[in-house]
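As structure tokens, the structure follows; a few thoughts come after it.
The values are calculated or read from the model by the stated rules, or taken from the named source; none is laboratory data. Bear in mind the structure is a predicted one, so any value in this text is a computation, not a measurement. So basically every Cβ, Gly included, is an ideal-geometry build from the backbone, and we count neighbours across all protein chains shown.
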Amino acid sequence: MFSLEIVLLGVALAIDAAVVTFAIGLLHYEMAPIEKLKRGFLISLAFGIFQFAMLWLGAYAGYLFTFSSYGYYFQFAVAVIFFGLALKFVQESVNVEEKKIEWGIIPVIILAFATSIDAMASGVSLGTMPRAYFAAIEVGLITFLTCSGFYFLSQFFRQIPDRWLLRLSAVIFLLLGGQIFWGLKHIFFKG
């Protein structure tokens, strides 16, 4: 089930993971090509799986919360979460500093979990979708492909302006939050 909103959500969520994957790829610049390929695949797979799982868990929590008696407050809260994520990405884009990341399975799992927390918060907005796991699979696949691409690019480029990627992600979250508020305009402006 293809949806432009889910693709945009997937791209916005994948940017954080892609920047981290790019940084890890820079550390592997001196490795043998087959080792780079293997590690790049495993890193991208880890980020994709965590984005899928956290988005799916968030959607399930959203499903439980949506069918409570809170009604429109839930959608309003989701829009506020999207705006909060956009502000977080803008702040991160201003405070970009050098990060030293060492290879190891435990640090990659921790990074994959940390970058997918915003996917759980975003997944709450998918609580009313039937079969939200399809959207979660789509976002996980987008994350896997984006991270794979950025890992590949890291082998050819020594520096990419990640602050612009974070700002692009912030714009996408602003658009998604604005779309929710636009859908709720009948609550704010009656008549």
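Would you be able to say whether some residue in the range 31-47 is touching a residue at least 40 places away in the same chain (Cβ under 8 Å), part of a loop (DSSP other than H, G, I, E, B), in contact with a helix residue (DSSP H, G or I) (Cβ under 6 Å, 6 or more places away or on another chain) and surrounded by fewer than 24 Cβ atoms within 10 Å (Cβ to Cβ)? For the range 31-47, residues touching a residue at least 40 places away in the same chain (Cβ under 8 Å), part of a loop (DSSP other than H, G, I, E, B), in contact with a helix residue (DSSP H, G or I) (Cβ under 6 Å, 6 or more places away or on another chain) and surrounded by fewer than 24 Cβ atoms within 10 Å (Cβ to Cβ): absent. As a summary of the residue check, ALA17 satisfies the conditions (1) more than 28 Å from ARG131 (Cβ to Cβ); (2) out of contact with any Leu (no Cβ under 7 Å at 6 or more places or on another chain); (3) at pLDDT below 90 except for the one numbered (1).
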